[in-house]
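Notes follow once the structure below has been shown.
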Amino acid sequence: MRKTIRAAFALLIALSACQPAIARNANEPLLGTPNGLAPTPPMGWNSWNKFGCNINEKVIRAEADAMVSSGMRDAGYRYIVIDDCWQGARDKNGNIQPDPKRFPSGIKALADYVHAKGLKFGIYSDAGTKTCAGRPGSRGHEYQDAQTYAAWGVDYLKYDWCNTDTQDATASYLTMSRALQATGRPIVFSLCEWGKSKPWLWAQNIGNLWRTTDDIYDHWEGRSPDGYHLSMLEILDLQAGLDTYAGPGHWNDPDMLEVGNGGMTDSEYKAHFSLWAILAAPLIAGNDLSTMSDETRTILTNREVIAVDQDPLGIEAKRVAKAGNYEVWARPIKGGGRAVVLLNRSTEPHDITVTWDALQYPDDLKAAVRDLWLHKDLPARQGAFTANVQGHSVVMVTIKP
């Protein structure tokens, strides 16, 4: 008990000292400085949604192989990210070590393998004393771990928020952000704080992307049975109003993609992918790339939809119209056009209209329309565009003057 009290007291003193130390130098920004990375939303693959803790170096190598052979690399996907459960114990000097049974060749060898495929390598840690799966976290080892990751060739760090007790999110993420920048290696920093302290308000100069909600649940609507995970539509609703906080180098992250994991239909997965793209969200696949169906591959490699996500303006979509189960999401894209998603949340087909007024176009403007899933130019329109949208589906178009 005494040790516990002393440890807690020491932690409180350390935390109370964080903010004054950060703000003491009047010439230094309150937060970190941008690292110049992720000018468009990161694209890649992460192990968690499909594999959870059932990972090893053979699995990761197979996913890297499949990212190339499937055409995903050529479509723009770059990062292979190992999530939780890769860690073993720390050595006598406190250096983090990989699980020797799961990763007997070591993480550097795995990163080298990924890099040889023309891809980038990502890894996972936690701001607390332990990760969500109970592996060693980075609390108190931030600079040490950052140097280790850099030496291994890590290009991307996902940083979780389990077992953080009374830690301050801003201070904790700032510490790791500065530790990563101190390595001199360009490492994209992904904050996984689940939106609890509204990171969109403070994380712009700390990380490149920040989670806005709890974890995703591979389902169209409704919470998971445990009440913790959120369906795709629940997460979508929580993005409304966050668009002003995102942009090149700093992105709202509504969590990883569930496309191909079996909890939704292919039509619902098309909607999922379309909505994440129009939100300028990171496109981080979470399925088994080595066994995915042709339909899943077709969804994930739709270059016209990906082009909207990767549009250099980096403007996140707004929900510009809503009438019950029928919605319109839209965003400006380079060249004066608009990307538009017509969303039908109901089970039955329904006509959905986007007006030029909602797109901030004059009513008399004549504009070209292209369907991004049919890969087809539609007749030009003036004043409005209407499409019949199937239930639990979308129509996604670009509208260009």
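A few comments on the model shown:
- Ranked packing of 351-362, 190-201, 118-129, most packed first, by mean Cβ within 10 Å: 118-129, 190-201, 351-362
- Seen against the Cα atoms of the chain and their longest principal axis, helix 142-152 is set at about 70 degrees.
- Inter-part distance where the range 47-86 and the range 348-398 are each reduced to a Cα centre, Å: 36
- Projected label distance in nm at THR183 and LEU37, using a 7 Å step from Cα toward the beta-carbon: 0.8
- Ranked by how many other beta carbons lie within 10 Å on average, peptides 269-276, 32-39 from highest: 269-276, 32-39
- Residues whose amide H lies under 5 Å from that of LEU378, counting only those 5 or more places away or on a different chain, are VAL369, ARG370, ASP371; hydrogens are built 1.01 Å from N in the peptide plane.
- Dipole axis of the chain (+1 Lys, Arg; -1 Asp, Glu on Cβ), positive-most option in GLY118, TYR217, ALA285: GLY118
- As computed over the range 234-335, the Cα convex hull volume per residue (Å³): 108
- Ellipsoid equivalent to the range 255-401 - semi-axes via the Cα gyration tensor, in Å: 25, 17, 13
- The range 173-183 - phi-based ³J(HN,Hα) in whole Hz, Karplus 6.51/-1.76/1.60, Gly and Pro as x: 6, 5, 4, 5, 4, 5, 5, 5, 5, 5, 6
- The chain - charge dipole about Cα centre, Lys and Arg +1 at Cβ, Asp and Glu -1, debye rounded to 20: 1220
- Proximal lysines relative to LYS198, as straight alpha-carbon distance under 20 Å, when same-chain residues fewer than 8 apart are discounted: LYS158, LYS318
- Cα-Cα separations in the range 112-209 greater than 18 Å, expressed as whole percent: 42
Each value in this text was obtained by applying a stated rule to the coordinates, not by laboratory testing. As the structure is a computational prediction, the values presented were derived from the model and not from experiment. Positions of Cβ are backbone-derived with ideal geometry, glycine not excepted, and every protein chain shown enters the neighbour counts.
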